[in-house]
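Following: one structure in structure tokens, then a few remarks.
The values are calculated or read from the model by the stated rules, or taken from the named source; none is laboratory data. None of these values were measured; they are calculated from a predicted model. We place every Cβ from the backbone using ideal geometry, glycine too, and count neighbours over all the protein chains shown. Ligands, DNA and RNA are excluded from the accessible area calculation, which covers all protein heavy atoms including side chains. Shrake-Rupley method; radii C 1.70, N 1.55, O 1.52, S 1.80 Å.
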Amino acid sequence: MTTSLPAPAPLPFGQSPERPFDPPAGLAELRAEHPLSRLTYNDGHIGWLVTNRELIRAVMADPRFSSRTELMHFPFPGVPTDSTPPAAPPGAFVDMDAPEHTRYRKLLVGQFTVRRMRQLTQRITEITADRLAAMRAHGPGVDLVEAFALPIPSLVICELLGVPYDERAHFQQHAATVVGESLDMAAWGDAFRALQEYLGVLVTAKRANPTDDMLSGLAESDLTDEELTNIGVVLLGAGIDTTANVLGLGAAALLRDPRQVAALLDDPDRAVEELLRYLTIAPTTVRAALTDVELGGQLIRAGDSVTLSLESGNRDSAHFTEADSLDVGRGGSGHLAFGHGIHQCLGQQLARVELRVAFPALFKEFPSLRLAVADREVPYRTGGLMRGVRALPVAWSD
Ligand code: HEM
């Protein structure tokens, strides 16, 4: 049985500058009244928008919903309406379904074990200490993104994969573009190809002279050069700007409220989960129905695109009390910031270790850390697929 729904509408998109930490206006009302609503995609396709936690989890756990981009329509303003997105190239497993996805994921899960990520803690601690020492040597008045939030995950993923950090001019900006800094699809394609070119050369070198890193380790499997290159693109793309945006945006949120900093220092693990929930820096993802599916009292037709608002699900009061407040002491257990189901973030243990080390180290080293500009001057990212801050000028008094 289906219930009647309001007319299709475009995706609520972009934050108001006054409320940079909150999901776009309109999502909370939809979640309360129509958690499964009709959505107008920007090519005219009428699909669906899911805004509550339970239904989002149901879709993400259901193999009848596909991650294949060539089956999808996109609801984001600015994405061209006249072209079908290309199918995933070999190795780009994020955009694949089982069983293709399963084969790659199994190979990679073996590389991203909790144990290996824990072993990295020492190295992440050293990298963080180096960045803090550089900030202190520079003196008050630094951009926390450039000095801290961006280099830590960059250095870590470079060491893990075996990519020379010194060559970051060849990949850092492209990596930001492929994870959705911009909605310009031509720029996205150019960045993806530039990363393929850069990593293709590196993969050939690793095959010839393996070193002690993940790309060399994967080169021992039966992956082709093309597959290995595209896996490298996915990992390098996903490994930098994500954690960097949680560090930057998270610091901006914590600096607003010293009580949160005290609670963070008390229990960094809980604090990190709550920051992940509250910030939901990857706010939206899309699936395509492979067959007719009944969901939440509605019939979703084969071919319909279904947009999942992770940021809305993470503010669902059915699961999180006072969901619109940041309260790092409570932990954000059960959040959707890393997604759910077979595509749940492969790098989540790595990201957790980075965040659990970096946040407390920052506030221990600089207890008097404060914004060096008025909050309204902070350049929040409000119009892309990824939330964060472009720069965060900070100062301290000791
Ligand atoms: C997938 C968020 C850090 C690698 C995902 C998904 C989300 C996400 C929401 C699921 C997308 C979907 O199902 O459509 C985040 C956040 C991060 C983070 C919030 C930082 C705090 C990382 C890092 C890596 C990484 C450090 C390291 C390489 C991946 C990969 C996938 C993924 C490879 C695709 C997994 C698959 O399709 O099986 N991430 N991510 N992520 N993430 Fe992350």
Every residue from the range 289-317 that is in contact (Cβ under 8 Å) with a residue 60 or more places away in the chain, at negative phi and over 20 Å from the mean Cα position of the chain (by Cα) = A289, L290, T291, V293, L295, Q298, L299, I300, D304, S305
task = Among the residues of the range 58-97, write down those that are modelled with pLDDT under 95 and on the phi > 0 side of the Ramachandran plot.
result = G78
Selection from the range 266-297 of residues that are more than 13 Å from the ligand (Cβ to nearest atom) and open to solvent by 10 Å² or more (accessible area, probe 1.4 Å) = D266, D267, P268, D269, R270, L290, T291, D292, E294, L295, G296, G297
request  = Could you list, in sequence order, all residues of the range 38-54 that are open to solvent by 10 Å² or more (accessible area, probe 1.4 Å) and in contact with a helix residue (DSSP H, G or I) (Cβ under 8 Å, 6 or more places away or on another chain)?
outcome  = N52, R53
Test set (1) in contact with a Leu (Cβ under 8 Å, 6 or more places away or on another chain); (2) open to solvent by 30 Å² or more (accessible area, probe 1.4 Å); (3) within 16 Å of the ligand (Cβ to nearest atom) - D143 fails condition number = (3)
ask   = Looking at A134, is it of a type outside the set (V, I, T), farther than 20 Å from V353 by Cβ and at pLDDT below 95?
value = no
message = Here is a check on your reading of the model: is D213 touching a helix residue (DSSP H, G or I) at 6+ places or on another chain (Cβ under 9 Å), over 30 Å from L369 (Cα atoms) and either acidic (D, E) or crowded, with 16+ Cβ neighbours inside 10 Å (or both)?
response = yes
inquiry  = As an exercise: evaluate Y165 against (1) farther than 30 Å from A9 by Cα; (2) in contact with a Lys or Arg (Cβ under 9 Å, 6 or more places away or on another chain); (3) modelled with pLDDT under 95 and give the number of the one condition it does not meet.
reply    = (2)
request  = Return yes when S333 is among the hydroxyl-bearing types (S, T, Y) and under 30 Å from G110 (Cα atoms) and no when it is not.
outcome  = yes
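With the condition being within 16 Å of the ligand (Cβ to nearest atom) and under 20 Å from the mean Cα position of the chain (by Cα), I'd like the helices (runs of 4 or more DSSP H) fully within the range 185-260 carrying at least 2 qualifying residues. If you could, list the steps in order and put the result at the bottom.
Values: elements: 185-208, 214-219, 225-255.
Those helices (runs of 4 or more DSSP H) span 185-208, 225-255.
Of the residues A238, A208, which single one is out of contact with any strand residue (DSSP E or B) (no Cβ under 9 Å at 6 or more places or on another chain) and closer than 30 Å to L326 by Cβ?
Numbers: A208 fails: closer than 30 Å to L326 by Cβ.
Being out of contact with any strand residue (DSSP E or B) (no Cβ under 9 Å at 6 or more places or on another chain) and closer than 30 Å to L326 by Cβ holds for just one of A238, A208, which is A238.
Checking the condition in contact with a Phe, Trp or Tyr (Cβ under 7 Å, 6 or more places away or on another chain), surrounded by fewer than 19 Cβ atoms within 10 Å (Cβ to Cβ) and under 30 Å from T307 (Cβ atoms), which residue from P99, P89, P77, P63 passes? Working first, answer last.
On the way: P99 fails: in contact with a Phe, Trp or Tyr (Cβ under 7 Å, 6 or more places away or on another chain); P89 fails: in contact with a Phe, Trp or Tyr (Cβ under 7 Å, 6 or more places away or on another chain); P63 fails: in contact with a Phe, Trp or Tyr (Cβ under 7 Å, 6 or more places away or on another chain).
Being in contact with a Phe, Trp or Tyr (Cβ under 7 Å, 6 or more places away or on another chain), surrounded by fewer than 19 Cβ atoms within 10 Å (Cβ to Cβ) and under 30 Å from T307 (Cβ atoms) holds for just one of P99, P89, P77, P63, which is P77.
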request  = Would you confirm whether any residue within the range 108-119 is within 13 Å of the ligand (Cβ to nearest atom), in a helix (DSSP H, G or I), open to solvent by less than 50 Å² (accessible area, probe 1.4 Å) and in contact with a Ser or Thr (Cβ under 7 Å, 6 or more places away or on another chain)?
outcome  = no
key: Filtered residues of the range 277-297 (kept if part of a loop (DSSP other than H, G, I, E, B) and within 23 Å of P12 (Cβ to Cβ))   = T280, I281, A282, P283, G296, G297
request  = Taking E273 as meeting all but one of (1) of a type in the set (D, E, K, R); (2) within 16 Å of A361 (Cα to Cα); (3) under 23 Å from the mean Cα position of the chain (by Cα), write down the number of the exception.
outcome  = (2)
